[in-house]
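The values are calculated or read from the model by the stated rules, or taken from the named source; none is laboratory data. Nothing here was measured: the structure is a model prediction, and the numbers come from that model. Here the Cβ positions follow ideal geometry from the backbone for every residue, glycine too, while neighbour counts run over all protein chains shown. The area values use the complete protein model at the heavy-atom level, side chains included, leaving out ligands, DNA and RNA. Shrake-Rupley method; radii C 1.70, N 1.55, O 1.52, S 1.80 Å.
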Amino acid sequence: MQVSVEAPSKLERRLTVVVPVEKLNEAYDKRIANLAKNAKIAGFRPGKVPLNIVKQRYGETARQEALSEVIQSSLYAAIDQEKLNPVGVPTVEPKMITPDQPLEFVATFEVLPEIENFRFDLNSLEKQVATVTDADIEKVLEHLRSQHIRWEKVERAAQEKDQVVINFRGSIDGVAFAGGEAHDFSLVVGSKSMIPGFEEGILGIKAGEEKVIKVTFPADYPSKEVAGKIAEFALKAISVSEPNVPEINEALVKKLGIKSGVIEELCAEIRSNLERELEKTISIKLKNQVFDKLIEQNSIEIPKALIEREAARIHDQVHPHHGHEHSHSKAEMAAYDQAAERNVILGLLVAEVIKQQKISVNKERVQAQIAKMAAAYEKPAEVLEWYAKNKRAYAETEMQILEEQVVEKLLEQVTVTEKMLSYSELMNG
């Protein structure tokens, strides 16, 4: 087999392969022999059909199958011989096929890029940190109380924090518009869940009352039909209710999953959850800072096939198809191209650091991370068992730990200073 390689660009490779005619004939003869064993042709017993008749009946099919088989096996043998790393499925173009002549074909594909002049130059880095305070726990407690509000109907006029059930119909210049009508719609006054002016317009309304309010849709409102326009809403209040916010007592604590009903145990669990999320966020923010600098300092041209594959993976993660076959249009994938490109570049750079620094995943850290995640569940043993059986989840945890090790290696020569923020600043920043 003769193989030659051309490089029309940094990423493209054109492989020309010439296969001896004997190899093609051998594959063809093998196909014919297999067909002859099972061929069913009138007038002959199975397996006793003369080869010349088998060739007359199945020769062309056998030749095409042999051709496909030889091209595939020869292609991957040539790729292996030339130590190439193809990305995506090669495009194969057989040259004119002449009987009793060698088979020649050209395969075109992209390859993984070579990372030249890898660098990571960083003198100092500011790491954002925070601590969980009693005030942070109190905010969570208030949120939990608000989730268990009981609404009690009142006869008075609606005021801030009341829940008002209304029917409404909107129009612009007297014409109704899509999405502008609702019945038995529940709205908490002051929640800012509606466009500016709407909630203010229902302040003071009583059950049974009707009124018309005017509001202006924001200029950047998603629906272009109404964006920036003045609308009138005809309202009718069905009911007005005030909130009955429960106290944090034994009954509510038990309802929240703390069997003992002890408030201090609930607070301890809240603190543990907040600290776990805080630790995770600090790690992610630091990792992103390092990886952003890594990408900034290393320009890489990457194969389109890798971007397309990663964009499809991100799409399916956001919109799971649960194993059903599906396809993606270019327009559908365009929204994920930027994130996909970053992921691919980052993956190649991280792999380069791992190769250069000879980093291998710390199995003890992987087990410790899984144990920490399992501890957050009611039945940690079941979670540990699930990770032991779920290879994909285990591999994702390994990758997380490996990335942490890469960040640690890159920061060995960097001066890291800490900037203290509040919990909410760090989590929402």
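Brief remarks on what is shown
- Each residue of the range 407-414 is assigned a 3J(HN,Hα), and the resulting list reads 4, 4, 5, 5, 8, 4, 9, 10 Hz, derived from the Karplus form 6.51 cos²θ - 1.76 cosθ + 1.60 (θ = phi - 60°), x at Gly and Pro.
- Note on Met194: accessible area is roughly 50 Å² with a 1.4 Å probe, heavy atoms of protein only.
- For the range 354-429: lysine pairs under 25 Å (alpha-carbon distance), excluding those fewer than 8 apart on one chain: 16
- For the chain: accessible area per residue (Å², 1.4 Å): 63 Å²
- Pairs of lysines in the range 1-158 (C-alpha under 13 Å apart; 8 or more residues apart or interchain): 4
- Rounded tilt (10° steps) of 337-357 against the dominant C-alpha axis of the chain: 70 degrees
- The long axis of helix 21-38 is offset from the longest Cα principal axis of the chain by roughly 80 degrees.
- Using the Cβ-Cβ distance between Ile41 and Ala334 with R0 = 51 Å, the FRET efficiency computed as 1/(1 + (r/R0)^6) comes to roughly 0.40.
- Karplus 3J(HN,Hα) series, Hz, for the range 268-274 with 6.51 cos²θ - 1.76 cosθ + 1.60 (x for Gly, Pro): 5, 5, 4, 4, 4, 5, 5
- Mean Cα-pair separation over length for the chain, i.e. relative contact order, pairs under 8 Å, 6 or more apart, %: 16 percent
- Among [x] 29.6; [y] 21.6; [z] 23.9, the entry that matches Kirkwood radius over Cα pairs in Å as calculated here: [x]
- Separation of the range 53-91 from the range 331-352 is 32 Å, based on Cα centroids.
- Rolling a 1.4 Å probe over the protein heavy atoms leaves Leu256 with an accessible area of roughly 50 Å².
- Counting heavy atoms of the protein chains alone, His319 has an accessible area of about 90 Å² for a 1.4 Å probe.
- Label separation (Val416 vs Thr98): 6.7 nm, computed from points 7 Å beyond Cα along the C-beta direction.
- Measuring nothing but protein heavy atoms, the accessible surface of the chain at 1.4 Å probe radius is 50 percent carbon and sulfur.
- Centroid-to-centroid separation of the range 104-179 and the range 1-31 [C-alpha atoms, Å]: 54 Å
- For the chain, the mean residue ellipticity at 222 nm estimated from helices alone is -15000 deg cm²/dmol, where every DSSP H run of n ≥ 4 contributes -39500 (n - 2.57) and the total is divided by all residues, rounded to the nearest 500.
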